[in-house]
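Before any comments, here is the structure.
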Amino acid sequence: MVESNTESVGENNNFGLIFGDNARSKVMYVLFFFENKAHTKSKLADYANVSRPTVYEHVEKLEKMGIAIEEDDGRVRVNKESELAKSIARVEWKFIQKWAEIEKEEGSDGLDKFLTEIGCERIQEDM
């Protein structure tokens, strides 16, 4: 799990809103967030805020689906040649565009309504 001084990008992520808040969506989010970088499974666990055994389990499944590739040195990255990975990236981008469009047109109340309709809550950020 993430230590207090480690930045977690797996929490409060678009993949959780789209695919459900679960360990696999957190691991996927980290892989896609750092799409140009391969990570050790230990670092994936830290960033996704999940256990190492959980990362091993989901990386294996993501590899079988063609979404992730484990390199010779054991680091894992997104399989940019995979049509499924490309489709997932497009879905996330469309979601972000829709989010921005609603917020621009209707403000935060409209965005809150949209998130409620899809069964999510707005991510509250401390400012």
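Please treat every number below as a calculation from the coordinates, not as lab data. Fair warning: this is a prediction, and the values are worked out from it, not measured in the lab. Every residue, glycine as well, gets a Cβ built from its backbone with ideal geometry; the counts of neighbours run over all protein chains shown.
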Residue-wise HN-Hα coupling along the range 32-39, computed from phi with Karplus coefficients 6.51, -1.76, 1.60 (Hz; x: Gly, Pro): 6, 4, 9, 4, 9, 9, 9, 10
Förster radius 41 Å - calculated FRET efficiency between residue 51 and residue 84 (Cβ-Cβ, nearest 0.05): 0.95
Loop GluC sites (Glu not before Pro), the range 42-91 (other Cβ atoms within 10 Å of the site Cβ: 10 or fewer; DSSP): 71, 81
Dipole magnitude of the range 14-117, debye to nearest 20 (Cβ charges: Lys/Arg +1, Asp/Glu -1, about Cα centre): 280 debye
Members of 26/61; 61/94; 41/64; 37/98; 26/80 lying beyond 20 Å, as alpha-carbon distances in this model show: 61/94; 37/98
Gain in span if fully extended, residue 75 to residue 93, counting 0.36 nm per residue against the direct Cα distance: 3.9 nm
For the range 14-117, alpha-carbon Rg over 2.2 N^0.38 Å: 1.18
Distant-in-sequence amide H partners of residue 40 (H built 1.01 Å from N, under 5 Å): 76
